[in-house]
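Below is a structure I'd like to ask you about.
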Amino acid sequence: MTAAPRTVCRFAPSPTGFLHLGHAHSALFGWRIAREAGGRFLLRIEDIDPQRCRPEFEAAILEDLAWLGLDWDGPVRRQSDHMDDYAAALDRLGRLGVLYPCFCSRKDIQEEIARAGYAPHLTPMGPEGPLYPGTCRRRDPIHAAARVAAGEPHAIRLDVAKAAAITGPLTWEEQGKGVVTADPGVLGDVVLARRDVRASYHLSVTVDDHLQGVTLVTRGRDLHPATHLHRLLQALLGLDVPEWRHHGLLTNDAGERLSKRDGATALRALREAGRTPAEVRSLAGFPE
Ligand code: GLU
């Protein structure tokens with residue numbers, strides 16, 4: 001008889017600002033599940049973007065979480081220390097023939113979408129607007145390879161249709177809800193390596209959840225569309241498949257999702273205003 005795998009959850013903030021109540025909710029959500037199951041709770045700093053991430057925010061995250069009463073197991077994984085892992089995954093995907101270089105700037109993409117007149121067959125729509133229209137997917141691969149060899153800056157995109165044809169249909173287990181059928185094209189041909197950073201959120205999060213042995217990914221409902229794609233990346237890369245639990249999002253008085261702009265809900269601001277950790281846990285949806 002094999003023992004049931006131990007629950008391993010993680011909280012994976014990006015150090016682009018101070019944590020707010022929405023982050024506290026997410027962190028406590030995963031932490032509670034892990035602790036109640038006698039499992040492990042990991043902390044990962046998602047800092048692949050040197051333009052937006054700052055060491056002082058990373059330090060503040062650790063401090064704020066500890067103040068809130070959270071603890072984590074093992075060392076903190078900092079993504080910027082592990083770029084080789086993402087490069088290896090990218091190589092593997094490249095060998096499957098599911099990647100292509102993309103030379104488009106943001107402006108090129110917007111112009112292409114406008115030119116296509118938002119025609120659904122040319123510009124598929126995603127959860128947050130038009131998706132990448134596929135301009136570079138249609139380029140002659142030999143010509144594109146020559147541009148890459150000449151050192152032209154480019155991102156790397158996933159040819160989602162090609163990738164999904166390799167894996168066939170995929171599903172995942174959404175705890176409390178059941179089996180979800182993945183729709184890997186929901187975000188279109190996403191960027192897996194940026195022009196400036198040879199990785200992207202989608203690639204690094206998928207690789208790390210596997211390498212860290214995460215068995216249950218807990219995160220906000222806003223990332224539900226990304227899970228469709230992450231399931232595809234796992235299948236392509238032969239990675240372990242966790243379960244997921246997407247939680248609801250805290251909102252401000254106007255009913256909008258909390259963001260780093262809602263300064264008053266920053267954990268530091270609440271702490272400086274004299275709130276106790278127990279009060280803040282309660283504000284974050286976890287009363288004693
Ligand atoms: N780093 C992501 C964020 O701060 C979260 C990633 C995840 O939980 O999958 O939104």
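Hey, does the stretch 116-137 have a residue that's surrounded by fewer than 15 Cβ atoms within 10 Å (Cβ to Cβ) and either in contact with a strand residue (DSSP E or B) (Cβ under 6 Å, 6 or more places away or on another chain) or assigned to a helix (DSSP H, G or I) (or both)?
The answer is no, given that none of the residues of the stretch 116-137 is surrounded by fewer than 15 Cβ atoms within 10 Å (Cβ to Cβ) and either in contact with a strand residue (DSSP E or B) (Cβ under 6 Å, 6 or more places away or on another chain) or assigned to a helix (DSSP H, G or I) (or both).
Going by the conditions given, is His82 in contact with a helix residue (DSSP H, G or I) (Cβ under 8 Å, 6 or more places away or on another chain), at pLDDT 95 or above and within 30 Å of Leu62 (Cβ to Cβ)?
yes
Please give the strands (runs of 3 or more DSSP E) falling wholly within the stretch 175-267 in which 1 or more residues are away from the ligand (no atom under 16 Å from the Cβ) and either aromatic (Phe, Trp, Tyr) or over 27 Å from Ala284 (Cβ atoms) (or both).
Where strands (runs of 3 or more DSSP E) fall fully within the stretch 175-267 and carry at least 1 residues being away from the ligand (no atom under 16 Å from the Cβ) and either aromatic (Phe, Trp, Tyr) or over 27 Å from Ala284 (Cβ atoms) (or both), they are 178-181, 191-193.
Another question, if that's okay. Which residues, taken from the stretch 9-49, are within 14 Å of the ligand (Cβ to nearest atom), of a type in the set (A, V, I, L, M, F, W, C) and not in a helix (DSSP H, G or I)?
Passing the criteria: Cys9, Phe11, Ala12, Phe18, Leu19, Phe41, Leu42, Leu43, Ile45, Ile48.
Considering only residues that are touching a residue at least 24 places away in the same chain (Cβ under 8 Å) and under 27 Å from the mean Cα position of the chain (by Cα), which ones fall in the stretch 149-165?
Listed by number, the residues that qualify are Pro153, His154, Ala155, Ile156, Arg157, Leu158, Asp159, Val160, Ala161, Lys162, Ala163, Ala164.
If you go through the stretch 50-59, how many residues are more than 14 Å from the ligand (Cβ to nearest atom) and in a helix (DSSP H, G or I)?
Residues that pass the stated criteria total 3.
Further, regarding this structure: Would you be able to tell me the number of residues in the stretch 268-288 that are in a loop (DSSP other than H, G, I, E, B) and of a type in the set (Lys, Arg)?
1
In addition: Taking Pro101 as meeting all but one of (1) modelled with pLDDT of 95 or more; (2) more than 18 Å from the chain's Cα centre (by Cα); (3) not in a strand (DSSP E or B), write down the number of the exception.
If we test Pro101 against (1) modelled with pLDDT of 95 or more; (2) more than 18 Å from the chain's Cα centre (by Cα); (3) not in a strand (DSSP E or B), just (3) comes out false.
Okay, moving on. Is it true that Asp140 is among the charged types (D, E, K, R), loosely packed, with under 13 Cβ neighbours inside 10 Å, farther than 29 Å from Arg44 by Cα and modelled with pLDDT of 95 or more?
yes
The values are calculated or read from the model by the stated rules, or taken from the named source; none is laboratory data. On a predicted model such as this, the values are computed, not experimentally measured, just so you know. Counting neighbours? That spans all protein chains shown, and the Cβs are built from the backbone with ideal geometry, glycine included.
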